[in-house]
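Step one of this worksheet: look at the structure below.
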Amino acid sequence: MSIRLAMWSGPRNISTAMMRSWENRADTVVVDEPFYAHYLVQTGVDHPGRDTILAAHDADAGRVAGMLAGPVLSGKEIFYQKHMAHHLLDGMDREWLASVTNCFLVRDPRAMVASLHARTPNPSIEDTGLPQQRALFDEVRERTGDVPPVLDSHDVLSDPRGALGRFCSAVGVDFDEAMLTWPAGPRASDGAWSPWWYDSVEASTGFSPPRTGGVDLPWNSSRLSRPAASTTSTCTDTGCRPGGTGPCSKGSMNATAIC
């Protein structure tokens, strides 16, 4: 029996390292941000490598959705789909979401915003993907009646084996030790945007320990007019991690951070 895992993240997370981790399993095939080309066409944003991306990837959201919900590629048992939440634009067909197991990868919004600003200065709240990620989480929970799995990147970096083991259990697959390390270098599965974004992950061979210390936002963040605290900052309250005692309300994203 095959399983399709749609992992919804925002930018500047460990989403590509997670893709490496899953791709290193013998039973898994991956796809890298399949709606990125459609997002670029519809929004008109001028991201690095835009022309290269549009020449290499399908911008037809309907065809892409059909591929994501269709037979698992290469005859593998697991189809791991790396998604950016802000690529799922308003008006796009979402019926295909019922054919996948939707999961969420979160990071402390302060750290994510600081990292995003270093690559694409002065991001808006929509650029972070936080509102879209929370809205999709609520949509999936309402449609299925179940709380979808949430994975905190800090927990993965702190304890890869434990966090990934619990996550695998939550989505109904066996943990594989191959997920902990992988060969350095690029992959054929990497999106055409990899030369602009994947320098660190291409040098990696596994998950690095989390960075310590505070995070200072390096600019006047007035464009974040809807603060992250109103969307998904509850996901990353340190008191809401497994075993934590923070003020988590049942059904909120932080209350479901299983890993």
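Values in this text are rule-based calculations from the coordinates and carry no lab data. For clarity, every value in this text was computed on a predicted model and none was experimentally measured. Every residue, glycine among them, receives a Cβ derived from its backbone with ideal geometry; neighbour counts consider all protein chains shown.
Residues of segment 66-98 that are out of contact with any Gly (no Cβ under 7 Å at 6 or more places or on another chain), within 22 Å of Arg134 (Cβ to Cβ) and either small (Gly, Ala, Ser) or not in a strand (DSSP E or B) (or both): Leu68, His87, Leu88, Leu89, Asp90, Gly91, Met92, Arg94, Glu95, Trp96, Leu97, Ala98. Within segment 58-117, the set of residues being among the aromatic types (Phe, Trp, Tyr) and under 19 Å from Asp155 (Cβ atoms) comprises Tyr80, Phe104. Need pairs with beta-carbon distance below 8 Å; first residue more than 20 Å from Cys103 (Cα to Cα) and within segment 122-136, second in a loop (DSSP other than H, G, I, E, B) and charged (D, E, K, R); sequence gap 6+ or separate chains. Correct list of pairs: Asn122/Arg223; Pro123/Arg223; Ser124/Arg223; Ile125/Arg223; Ile125/Arg226. For segment 160-197, filtering for residues that are over 30 Å from Ile53 (Cβ atoms), surrounded by 15 or more Cβ atoms within 10 Å (Cβ to Cβ) and of a type in the set (Ser, Thr, Tyr) leaves 0. Taken as a whole, the condition of being more than 19 Å from the chain's Cα centre (by Cα) and closer than 25 Å to Arg94 by Cα does not apply to Arg134. Where residues in segment 22-57 are touching a residue at least 60 places away in the same chain (Cβ under 8 Å) and in a helix (DSSP H, G or I), which of them is surrounded by the most Cβ atoms within 10 Å (Cβ to Cβ)? So, considering only residues that are touching a residue at least 60 places away in the same chain (Cβ under 8 Å) and in a helix (DSSP H, G or I), the one surrounded by the most Cβ atoms within 10 Å (Cβ to Cβ) is Trp22. Considering only segment 113-124, I want to know if a residue exists there that is surrounded by 22 or more Cβ atoms within 10 Å (Cβ to Cβ) and in a helix (DSSP H, G or I). Taking every residue of segment 113-124 in turn, at least one turns out to be surrounded by 22 or more Cβ atoms within 10 Å (Cβ to Cβ) and in a helix (DSSP H, G or I).
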